[in-house]
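> What follows is a single structure, and I will ask about it in a moment.
The values are calculated or read from the model by the stated rules, or taken from the named source; none is laboratory data. What you are looking at is a predicted structure, and each value in this text was computed from that prediction instead of being measured. Every residue, glycine among them, receives a Cβ derived from its backbone with ideal geometry; neighbour counts consider all protein chains shown.
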Amino acid sequence: MSFLAKAVANEFIELAGGRDLSPMKLQKLVYFAHGWYLAITDKALIQENVEAWQFGPVIPELYQEFKRYGSGDVSKPSVERGDGCYYVPRIANLQDDPNAERAMEVIRSVWDHYGKYSAIKLSNATHMEGTPWSHCYSPMNLSAAVIPNEEIADYFRCLMP
């Protein structure tokens, strides 16, 4: 079972503690977590598609949710509406989900490895030749292309030691 991208983003927001986490950096961290989770488990971490936009891989739902922060730090978690009330989706709260523990391990590992880097550095890493984004993005295409999970998984598997 995969998770809402907002739930994954909320885990990174919690780990960041309101510091040094712009919307662009958050996008890239969720993308890296999704890629590593795919490579390790052969399952998607997030339910949503990743698209190839001009500035790299983007999960449109996260873009819409956090764009109000501009280049500032994301300080509040995303909320969802369910059963007539609002809640903060978190993977850490899903103890009954057998995939939640593994997802949290990957998220923490991605934070430990990539969290220290700037949004620009992370974005540059997604733009390198041979990345899934570089295979799918075309400045001539007026609509964003979906980056297939299989391509993301293959790329991250090649990075495994």
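> Looking at N93, N99, can you tell me which residue is surrounded by 11 or more Cβ atoms within 10 Å (Cβ to Cβ) and modelled with pLDDT under 90?
N93
> Okay, next question. Restrict the check to segment 48-56 and report whether at least one residue is without any contact (Cβ under 8 Å) to a residue 60 or more places away in the chain and not acidic (D, E).
First, the residues of segment 48-56 that are without any contact (Cβ under 8 Å) to a residue 60 or more places away in the chain: 48.
Adding the requirement that they be not acidic (D, E) leaves none.
No, because not a single residue in segment 48-56 is without any contact (Cβ under 8 Å) to a residue 60 or more places away in the chain and not acidic (D, E).
> Anything in segment 33-47 that is buried (at least 24 other Cβ atoms within 10 Å of the Cβ) and assigned to a loop (DSSP other than H, G, I, E, B)? List them, or say none.
Within segment 33-47, L45 is the sole residue that qualifies.
> Checking L4 against (1) within 15 Å of E80 (Cβ to Cβ); (2) surrounded by 22 or more Cβ atoms within 10 Å (Cβ to Cβ), only one condition comes out false. Which one?
If we test L4 against (1) within 15 Å of E80 (Cβ to Cβ); (2) surrounded by 22 or more Cβ atoms within 10 Å (Cβ to Cβ), just (2) comes out false.
> Just the residues that are over 15 Å from A9 (Cα atoms) and out of contact with any strand residue (DSSP E or B) (no Cβ under 9 Å at 6 or more places or on another chain), please, taken from segment 80-101.
Residues satisfying the conditions are G82, D83, G84, C85, Q95, D96, P98, E101.
Let's see how each residue does on (1) over 13 Å from the mean Cα position of the chain (by Cα); (2) under 15 Å from A5 (Cβ atoms):
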| position | (1), (2) |
| --- | --- |
| I40 | yes, no |
| V50 | no, yes |
| Y63 | no, yes |
| K76 | yes, no |
| W133 | yes, no |
| Y137 | yes, no |
| N141 | yes, no |
| V146 | yes, yes |
| R157 | yes, no |
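> Kindly evaluate K67 against the criterion of being under 22 Å from S2 (Cβ atoms), among the basic types (K, R) and not in a strand (DSSP E or B). Spell out how you get there, then give the answer.
On the way: under 22 Å from S2 (Cβ atoms): no; among the basic types (K, R): yes; not in a strand (DSSP E or B): yes.
When the stated conditions are applied, K67 does not pass them.
> Output yes when any residue across segment 102-124 is in contact with a strand residue (DSSP E or B) (Cβ under 9 Å, 6 or more places away or on another chain) and without any contact (Cβ under 8 Å) to a residue 12 or more places away in the chain, and no when none is.
Going residue by residue through segment 102-124, those that are in contact with a strand residue (DSSP E or B) (Cβ under 9 Å, 6 or more places away or on another chain) are 103, 122-124.
When the remaining residues are screened for being without any contact (Cβ under 8 Å) to a residue 12 or more places away in the chain, the result is 124.
The answer is yes; a qualifying residue exists.
> Also: Which ones in segment 117-127 are at pLDDT 95 or above and surrounded by fewer than 18 Cβ atoms within 10 Å (Cβ to Cβ)?
Once the filter is applied, which keeps residues that are at pLDDT 95 or above and surrounded by fewer than 18 Cβ atoms within 10 Å (Cβ to Cβ), segment 117-127 yields Y117, S118, I120, K121, N124, A125.
> What are the residues in segment 107-161 that are more than 13 Å from F55 (Cα to Cα) and of a type in the set (F, W, Y), if any?
Of everything in segment 107-161, those that are more than 13 Å from F55 (Cα to Cα) and of a type in the set (F, W, Y) turn out to be W111, Y114, Y117, Y155, F156.
For (1) within 16 Å of N124 (Cα to Cα); (2) surrounded by 14 or more Cβ atoms within 10 Å (Cβ to Cβ); (3) touching a Ser or Thr at 6+ places or on another chain (Cβ under 6 Å); (4) acidic (D, E), each residue gets a yes or a no:
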residue	(1), (2), (3), (4)
E14	no, yes, no, yes
R19	no, no, no, no
Y31	yes, yes, no, no
S78	no, yes, no, no
